[in-house]
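See structure below.
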Amino acid sequence: MPLKKTNIMIKGSLYFSYTVILICFLFPLFWVVSLSLKNRQEIFAAPPRLIPKEIAFSNYAHVLQNTSVVQYLFNSGKIVIATVLLTLAIAIPAAFALSRLTFRWKREFLLIILMTQMISAVVVSVPLYRFFSQVGVLNNFYVLVIVYAAVVLPFSTWFLKGYLDTIPNDLDEAAIIDGCNRWQTLRKVIFPVSVPGVASVTILIAVQSWSQFVVPFILLDDSRLYPVSVGIVNLQSTQTSVTTHYLAAGSVLSILPVIILFVLLQRYIISALTSGAVKG
Amino acid sequence: MDANNNMTINHAEKKRGSWRSSPLLWLIPLIAVLAFVFVYPIFQIVRLSFTDANLIDADFDYTINSYIRLFTLPGFYQMLSTTSFFVFFSVVFQLICGFFISLLIVQGEKFKIKGTVIVRTAVLVAWAVPGVIIGIIWNTMYNETDSGIFNYILSFIGMGPQPFLSDPLLSLLSVTIANIWRGTAFSMILIYAGLQTLPSDVIEAARIDGANAIQRLTRVILPILSPILLINLIIISIDTFNTFDMVMALTGGGPGRSTEVISLSIYNSIFNKFNMGEGTATAVVLLFINVMMTMVYLKVLGRKDK
Amino acid sequence: MNKYIWAAIICSLLLMITGCGGGDSGGEEIELTWSTTSGYSPEAPTQAASEHIAGKVREFEEAYPNVELVTEIQNSNIDEAMARILEQADSGRAPDLAAIDSYLLDRYKDYLQPLDDLMKEKGMEEEDFFPFAQDVMKGEDGKIYGLYMGTDTRVMYYNTEVIDSPPETWDELIETANDIQAEGYEGIILPGGRGEGASVTTLWPLFWGQGGELVDEEGNPTFGEGENREKMLEVLETMQQAVEEGALPQRMSSYGAEGDLNEEIAGGNAAMFLGGSFQESFLKETLGDDFENWDIAPLPQMEGGEPASTSGGWTWGIFTEDQEKQKAAFDLITDTFITGEAMDALDQLPALSTLYESEDYDGTEFTEKFRESLETEANVRPSATSYRVITVEMQTALSDVIAGNKTPEEALDDAWEVANSN
């Protein structure tokens, strides 16, 4: 009987704290949605209203028609996908070698990789801008993706190496006895069992690249290539008109795809992240 | 090359465990990309920091003036202390919030409560919003006119309008809070993952030994989690040191230089003042901080290995 | 099962990447790249502007079927965008045509093409432009290197129902602000944060009005020494006094651009503010019928100061050496931007005095007053390289003073120390 009572109390306090957490984390998102549906007068109404009196979908129509948000979203998608593929293509073999091979300077090499992880993208982007501009590859999609990949490669490699370390060596040996070479071992034996690790690193790369700001902000001159994280800055504040409601609508449009993806896939994302994180 | 490869493999087949052949082929792409994107630019940054280069003029002379200026001119130490405040409080509260949220979720799962999934997802979503948009959203909430939502809410508890973005200290606090909101998810995931690996028999044993909830937390759970907490701490510290997109959109560094963190200062020197020398010298300072953090990280990792 | 899902996802993603290559169609088409700000592009935030520009661009594309127009939108951080174009010009990658902030035009003249012949063909005269605009447009060799598109000036807007006679000095302004605050209105609203708007609206007019000089003839900063220092200090001290007397709200320290004030104005509690001529249309749109009660006056000055304001605006410069492209580019800018119709749509003031009389220019309530301001009190910012540092440091100083972070003396000395050691 007392056990039941404490259970109810615990549950009650859990629900209470969940409510608090939910309000804290969802309110900013709720607020931007609300702003995006207000008309000009209501944006500045004092006191502010939580829910607009008249729902103004026209803000979205304006943003979709007159700005390039859709283009930016598309660019972001393209960059993220290409970055994920390139990063995995480089990081998986490297992680395999670092996990399975023994060689001189291995420890030092790992440390250097780790060191690059710590370096701010602001530091490297400015010289790269000058360099790319001299060589004439500024605004080149592939070069941009290489830089994106470089930013996420260090942790991806470390993460995958850590994951591969947890896979017993017996598997490799069995494969070798079966006549596989190292490449075949990786492809046919190791890769299939490391799918959860690869999945979680994919999510981490995708999220980081989606939010990446400094690299495209400094390395891109051509607005047609902007990802959404940079493109949205152009919507912010212009001289002649109040654009808060358009800005809000643009913001909602640019976070919507990710939110939908996260809500739909959250079960997989959580399990991928936790299983990967613990082993990694 | 192919034949060579096959030979080593045949060799390997015969002698199990002699995987000592060259790892270079596997690592070349990685080395190439990292050298291209990190090594060359760092060399350049250090070189430029010893010049009086301007973003616009192509010519420059070598000088050590940028550093002398940087360390003697007003503003540098304010920038460092602003950055330290921002990083310290962001990191501490991201860890604390992440820890408690994940603890609450794990508890909820134990009691099979509905809603854990929603909480988890809500926190995660904040993590996936690009920094500039976070800055924009919080800027509208901090609005100091009568249509600002935070000030409206505060007016119910009689805390009059607050100068969220125009008071030197309060604006720094506002920026830090927005950053905590943004970064809590990452800590939550890591700690959540760590909590799931906790051996339940150990906690059960502690409970049977009569340890109450707080004792179980401080004497059993925290010690087991400590490696993960430390790694988490270092990763988010570095991330926070390197942050500037959100601050740029939220305050632009103002009022005055009250919220100008080091990354933003680099950007402003180079792209607003066109001063390459000063900007790159600041970048070298940031680089130095980055390297110091790495050293700490390595120390921690080394301890973990033992 | 899992494996197949991943394979399917990766395949479809690959398709997405390769699927958007876009085919280039050959032929004798020429590509004309124009780099413009988002406000002067079909993406402009106001309906009138975006419709006007999009329409003109369509007309241009019909008139030049062989020209493919490539629009590059500049970064919204003007300074950065300008630096980039200069950098591009330096490395030979400049766009064919670019919008350039007028006060920076001087630095581009080495890379720009002279426009005299093209102007002659169109029947445009150098003398049609305001004198300050001519100075900006002309290079050392006497040739024209940029075409002023529209200009602007800074004034005080006020509500005549609340304020009978507009304050002429800052002492009067502070007094007026305190009076209207008692009636429930906001005090002094002005850009006082980190942004060019704060320099051109708040700082420079007061400094120039006292005869201050930001730089000397070699372009070295002078604002922090001798008499100039006294004058600049006076400006900052006045701001501090205004804050202390409760006339100037602290939050102004976070508004860097004139446009940042719009939300204050839209809130409905403003009875006066210092801003740019381009804000008139916003005011009109926001206030509706109440707009009738509003008027403008010259910026209040320090005691004994001469009237002074800042005018800015944008110019167009042509980088391409290709004659055919030059002609097309020139047509594009003159038809789209340098007409009375364009000035109306873009909320800009014509920089050509002849356009004011033109039939297709309607102008606004305040056009005559703005024109007078341009003719009598407008100053342009120095084009010296050191100006960047000066303006950034002084905006920061102003913001620090209004936020109460530094005393005027500290703020000015810090700014001077940085600007002068450059």
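The values are calculated or read from the model by the stated rules, or taken from the named source; none is laboratory data. On a predicted model such as this, the values are computed, not experimentally measured, just so you know. Note that we place each Cβ from the backbone using ideal geometry, even for glycine, and neighbour counts take in every protein chain shown.
Details
Table: residues versus (1) among the hydrophobic types (A, V, I, L, M, F, W, C); (2) over 27 Å from residue B:102 (Cα atoms); (3) surrounded by fewer than 18 Cβ atoms within 10 Å (Cβ to Cβ).
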position: A:5; (1), (2), (3): no, no, yes
position: A:16; (1), (2), (3): yes, no, yes
position: A:28; (1), (2), (3): no, no, no
position: A:32; (1), (2), (3): yes, no, no
position: A:41; (1), (2), (3): no, yes, yes
position: A:56; (1), (2), (3): yes, yes, no
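- Whichever residue in the stretch A:118-174 is more than 23 Å from the chain's Cα centre (by Cα) and at the interface with chain B (Cβ under 8 Å from one of its Cβ atoms) and, among such residues, is nearest to residue B:286 (Cα to Cα): A:127
- Residue A:76 being facing chain B (nearest Cβ under 10 Å) and without any contact (Cβ under 8 Å) to a residue 40 or more places away in the chain: no
- In the stretch C:373-422, residue surrounded by the fewest Cβ atoms within 10 Å (Cβ to Cβ) [restricted to those that are part of a loop (DSSP other than H, G, I, E, B), more than 9 Å from chain B (Cβ to nearest Cβ) and of a type in the set (Ser, Thr, Tyr)]: C:407
- Subset tally (residues that are in a loop (DSSP other than H, G, I, E, B) and touching a residue at least 40 places away in the same chain (Cβ under 8 Å)) for the stretch C:114-124: 2
- Residue in the stretch C:176-189 that is among the hydrophobic types (A, V, I, L, M, F, W, C), surrounded by 18 or more Cβ atoms within 10 Å (Cβ to Cβ) and under 21 Å from the mean Cα position of the chain (by Cα) present: yes
- The listed residues are C:162, C:155, C:215, and the only one of them that is surrounded by fewer than 24 Cβ atoms within 10 Å (Cβ to Cβ), among the aliphatic types (A, V, I, L, M) and within 28 Å of residue C:78 (Cβ to Cβ) turns out to be C:215.
- Check on residue B:222, under 30 Å from residue B:243 (Cβ atoms), surrounded by fewer than 17 Cβ atoms within 10 Å (Cβ to Cβ) and of a type in the set (A, V, I, L, M, F, W, C): yes
- Residue in the stretch C:127-141 that is within 14 Å of another protein chain (Cβ to nearest Cβ) and in contact (Cβ under 8 Å) with a residue 60 or more places away in the chain present: no
- Every condition in (1) surrounded by fewer than 19 Cβ atoms within 10 Å (Cβ to Cβ); (2) in contact (Cβ under 8 Å) with a residue 40 or more places away in the chain is met by residue C:289 except one, and the failing one is (2).
- Residue tally, condition farther than 16 Å from residue A:224 by Cα and outside any helix (DSSP H, G or I), over the stretch C:53-93: 8
- Enumeration of residues in the stretch B:195-206 that are without any contact (Cβ under 8 Å) to a residue 60 or more places away in the chain and of a type outside the set (A, V, I, L, M, F, W, C): B:197, B:199, B:200, B:201, B:204
- Taking the stretch B:140-170 as the range and being more than 7 Å from chain A (Cβ to nearest Cβ), part of a helix (DSSP H, G or I), free of Cβ contacts under 8 Å to residues at least 24 places away in the same chain and closer than 20 Å to residue B:244 by Cα as the test, only B:170 passes.
- Helices (runs of 4 or more DSSP H) contained in the stretch A:119-197 and holding at least 3 residues modelled with pLDDT of 85 or more and under 25 Å from residue B:295 (Cβ atoms): A:121-135, A:141-165
- Meets criteria (surrounded by fewer than 24 Cβ atoms within 10 Å (Cβ to Cβ) and among the aromatic types (Phe, Trp, Tyr)) for residue C:330: yes
Rundown of residues vs (1) in a helix (DSSP H, G or I); (2) modelled with pLDDT of 85 or more; (3) under 21 Å from residue A:209 (Cβ atoms); (4) away from chain C (no Cβ under 14 Å), yes/no style:
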| site | (1), (2), (3), (4) |
| --- | --- |
| B:214 | yes, no, no, yes |
| B:220 | yes, no, no, yes |
| B:234 | yes, no, no, yes |
| B:247 | yes, yes, yes, no |
| B:253 | no, yes, no, no |
| B:258 | no, yes, no, no |
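- Output for the stretch B:104-114, where each listed residue is in a helix (DSSP H, G or I) and in contact with a Phe, Trp or Tyr (Cβ under 9 Å, 6 or more places away or on another chain): B:104, B:105, B:106, B:108
- Only one of B:96, B:137 that is under 23 Å from the mean Cα position of the chain (by Cα), part of a helix (DSSP H, G or I) and more than 9 Å from every other protein chain (Cβ to nearest Cβ): B:96
- Hey, residue C:248 among the aliphatic types (A, V, I, L, M), within 11 Å of residue C:188 (Cβ to Cβ) and within 18 Å of the chain's Cα centre (by Cα) or not: no
- Only one of C:299, C:248, C:236 that is in contact with a Ser or Thr (Cβ under 7 Å, 6 or more places away or on another chain), closer than 26 Å to residue C:393 by Cβ and touching a residue at least 40 places away in the same chain (Cβ under 8 Å): C:299
- Selected residue [closer than 16 Å to residue B:136 by Cβ, modelled with pLDDT of 85 or more and in contact with a Leu (Cβ under 6 Å, 6 or more places away or on another chain)] from A:247, A:256: A:247
- Residue ID - surrounded by the most Cβ atoms within 10 Å (Cβ to Cβ), chosen from residues in the stretch A:43-54 that are more than 10 Å from every other protein chain (Cβ to nearest Cβ) and more than 25 Å from residue B:119 (Cα to Cα): A:52
- Those helices (runs of 4 or more DSSP H) lying entirely in the stretch A:1-69 with at least 3 residues hydrophobic (A, V, I, L, M, F, W, C): A:2-36, A:58-66
- Within the stretch C:303-325, restricting attention to residues that are of a type outside the set (D, E, K, R) and surrounded by fewer than 18 Cβ atoms within 10 Å (Cβ to Cβ), the residue that is farthest from residue C:278 (Cα to Cα) is C:323.
- Members of the stretch B:258-270 that are in contact (Cβ under 8 Å) with a residue 60 or more places away in the chain and under 21 Å from the mean Cα position of the chain (by Cα): B:258, B:259, B:260, B:261, B:262, B:265
- When we screen C:192, C:197 for residues that are closer than 26 Å to residue B:252 by Cβ, touching a residue at least 12 places away in the same chain (Cβ under 8 Å) and in contact with a Pro (Cβ under 7 Å, 6 or more places away or on another chain), the only hit is C:197.
- Among the candidates C:315, C:286, C:336, residue that is of a type in the set (S, T, N, Q), out of contact with any Leu (no Cβ under 8 Å at 6 or more places or on another chain) and closer than 16 Å to residue C:40 by Cα: C:336
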